[in-house]
1. Could you tell me which residue of the range 47-61 is nearest to Gly89 (Cα to Cα), considering only residues that are out of contact with any Gly (no Cβ under 9 Å at 6 or more places or on another chain) and without any contact (Cβ under 8 Å) to a residue 24 or more places away in the chain?
2. Against the definition (assigned to a strand (DSSP E or B) and either crowded, with 20+ Cβ neighbours inside 10 Å or at positive phi (or both)), how does Val318 come out, yes or no?
3. Of the residues Lys63, Lys109, which single one is touching a Pro at 6+ places or on another chain (Cβ under 8 Å) and basic (Lys, Arg)?
4. Taking the stated definitions as given, is Leu406 within 29 Å of the chain's Cα centre (by Cα) and either assigned to a helix (DSSP H, G or I) or among the acidic types (Asp, Glu) (or both)?
5. For the range 220-244, which positions are loosely packed, with under 15 Cβ neighbours inside 10 Å and of a type in the set (Ser, Thr, Tyr)?
6. Does Ser95 meet the test of being within 26 Å of Thr243 (Cβ to Cβ), under 22 Å from the mean Cα position of the chain (by Cα) and in contact (Cβ under 8 Å) with a residue 60 or more places away in the chain?
Amino acid sequence: MRKDNIYIGKSVKAWRVLLFFTFHFSLFIFMACSPHEDNVFGASPAERQQQAIEKYRALLTSKSDGWAMDFYPSDLVLGGIAYTARFVGDEVELSSEMLIDNAKGDKKKYAAGQVVKSEYHVIAGQGVMLTFDTYNPLMHYWSQPSGTNSEGLATDYEFMFVSASDDEIVLRGRKYGNLLRLYPLQESASTYINDVIQMRTTLSSIPRKRAVVDGKSVNVTVMSSHFQYTEDGADKDIPYIYTPTGIRFYQPITIAGVTESELTFDTTSHDLTSPDGRMQLPLPTPLEQFCGTVTQWHFIYGTTDAKYDMCDELREIVKTAIQRTTKENNENVDDIYIGMNKQNIEDDAQRMVIGWSTSTSMVGVWYELRYGLDMMVADEDNMVIDIRILDGGLYTNNYPQFTPMLDFIRNNTPFQMQFDNIQNPQYVKAVSVADAEKWFALKL
C-alpha cells in the first residue's frame, strides 16, 4: 500500500509540471498572435510593405534624367536591349535602342530612341512590384499575344524588387524570371541611346574569339550579344548588353578564376578590358576575324567539273548532293556557305553555320538548311583553324544528302587557311593539315 501512495504522489507532481508548461506555452502563443504585436516587433507586415512601396517609388522618381535599363526579353537569345526609363509622377517615359515594328499590336513603328509615355505603378503583390500596367508598345511588344501564341514572346512587364540602392536597382520578372537592372543615367536618354547604338555598331562588326586572362590566352566566342566559353569542362553562354562604354553581362562571368561583370572598349587599341585590367579581349587577328565572320564565305561550284574549286573527293560529294536535291526534293541548290547564319536569331539561335540555300521553281519559295559550327584558331602562326560541326537546324533530317559533306569536314579538320590577301581577303583555300589532297576554296 505504501508503494502505491508513493506512485500516486509522483504522478500528481508530474501533472502539475505539465499543467504549468501548458499554461505558459498557451500564454506565449496568445501574446504572439495578439493585436499588440506591433509593440513588440515594430510595424506590421502591411505597414512595412507600404513603407517599401513609398521608398521604391521615391527612388525611381529621384533621377532627373532617369535610368538606363538593361532589358533582356524572352529566352535571352537576343541578349540585352538597352532601354531608358524616366519616372515622373505616375508616368514613365520609355525609349529603346531597337526599332520596334509593332505590326501585331497597334500597327505602328517606333524608331530607336523614340520616347513613349505610359503609366506605371509600384504595388504590393507577392512582394513589392514595379508594373508597367498600361499599354506601352516598347514594353508590351514582347508579351502581347499573336495568332495561336497566347504569351507572345514570353516576356514580363511586372517585376519584383530584388534590391535597390541609389546606384542600382535589381528586379526579377514575376512570371518568366528574367533580371531587369536599372542604373542612374549620367546623360540624357537620347544621348545614352545614341551612344549604345554606336557601340553596338562598332563591336558587333568584329566578333571576338580570344580572351587574355591574367596573361593567359583562352578561347572564347563573343558575338550576337552572347559570351561563350568553357570553364571546368562545362560550356557557358552568358548574354550581354551594349553600353556607351562597352558591354555589361547579364550575370558575372568567371574564367580561370577571374570574375568580371563588364568590359570597357579602348578606342585606341580597340581592345575590350575589364575595370581591374585582369581580362582583355584583344582586337581580333585576321584569322580570328575569319573564324568570327559576320558574313558568309561561299563554296565555289557550277555546272561543270571545271567550276568546282575543291578537291576531287569533295566535288563528287557536292555534285551528288545537288543532283539528289533536284531529284528527291524538287529543289535547286542556290548556295553553300560557311559563316553567319542567314536566318534571323529569333528563328535560329546558332549564329555560325554551314548552310545550304535551296529554292523551288516557284518564284519566291526558298529554304535554308544549316548545321551549327564552331571555328577556332588552332595555330595562329601557321594560319590553322579547327572546325567543329554542331547540331542541325530545322528540316536537316529531310536532306541526308548533305551529311557526307559534314563528314568530309569532320574527318579532315584542322585546315590551313591560305588567303589571297591577309588584310582584306576575298578568297581562301582551306587545306587539310593531315592530307594536302583534301581541300576546298571559299569566296567572300
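The numbers here are math on the coordinates, done by the rules we state, and not lab data. None of the values given here were measured: they were computed from a predicted structure. Every residue, glycine as well, gets a Cβ built from its backbone with ideal geometry; the counts of neighbours run over all protein chains shown.
1. Restricting to residues being out of contact with any Gly (no Cβ under 9 Å at 6 or more places or on another chain) and without any contact (Cβ under 8 Å) to a residue 24 or more places away in the chain, the top hit is Ala58.
2. Spelling it out, it is not the case that Val318 is assigned to a strand (DSSP E or B) and either crowded, with 20+ Cβ neighbours inside 10 Å or at positive phi (or both).
3. From the options Lys63, Lys109, the qualifying one is Lys63.
4. yes
5. Thr230
6. Spelling it out, Ser95 is indeed within 26 Å of Thr243 (Cβ to Cβ), under 22 Å from the mean Cα position of the chain (by Cα) and in contact (Cβ under 8 Å) with a residue 60 or more places away in the chain.
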